[in-house]
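Right, one structure below, let's go through it.
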Amino acid sequence: MNSSRLQHLIPGLVIFGLAAIVTWLSFTQEPASSFLFPRIISIAFIGLAAWNLIRAASGLARVGAGISGAMFANIAPGLVVMLVYIFFAAKALGFYVASIIAFFAVYTLYDPAPYSSAKDWFKRALVTLAFMAIIYGLFARLLEVQTPRGFFI
């Protein structure tokens, strides 16, 4: 096995393992009606993960040279925001409040507009609120998904 195939196989195994855990959790949690949306997503997730793993194991995935140090440095701030969001903020602050903060932080970190422009700060806030209104309408109203409740609900 060459290093290129191994480079694709290891992440493929990790993603497939994660997909299997998420799928198992979504089918074993109660009340079952609250987990309909996660079940649908987890089925798609494990299907795509299996497809990716098969491509990696068979050597069909030959694209990419890995993540360079510079690319990782560009990704790291957003990764930190998302890890704080997933492991702390969503449960402590509530899904919607934490999502607003995380979305705004990631948008601000990666927006090339200058930080000194009030117009750009207004645009960031407006896009964040519009995005979260869509997420609220989708999850709370349309899909009736139970989201983590926290200090601010």
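Bear in mind these aren't lab numbers, they're just calculated from the coordinates by the rules spelled out. This structure is a prediction, so every number in the text was calculated from the model and none was measured. Neighbour counts are summed over all protein chains in view; Cβ atoms, including those assigned to glycine, are modelled from backbone coordinates with ideal geometry.
Could you work out the relative contact order of the range 13-153, using alpha carbon pairs under 8 angstrom and six or more residues apart, expressed as a whole percent? Taking the mean separation of contacting Cα pairs over the length of the range 13-153, I get 26 percent. Secondary-structure-derived ellipticity at 222 nm for the chain, considering helices only, amounts to -23000 deg cm²/dmol, per-run term -39500 (n - 2.57) for DSSP H runs with n ≥ 4. When only the Cβ of Lys, Arg, Asp and Glu is charged (+1, +1, -1, -1), the dipole of the chain relative to its Cα centre reaches about 160 debye. Sorting the segments 133-145, 5-17 by their residues' average number of neighbouring beta-carbon atoms within 10 angstrom, most packed first, yields 5-17, 133-145.
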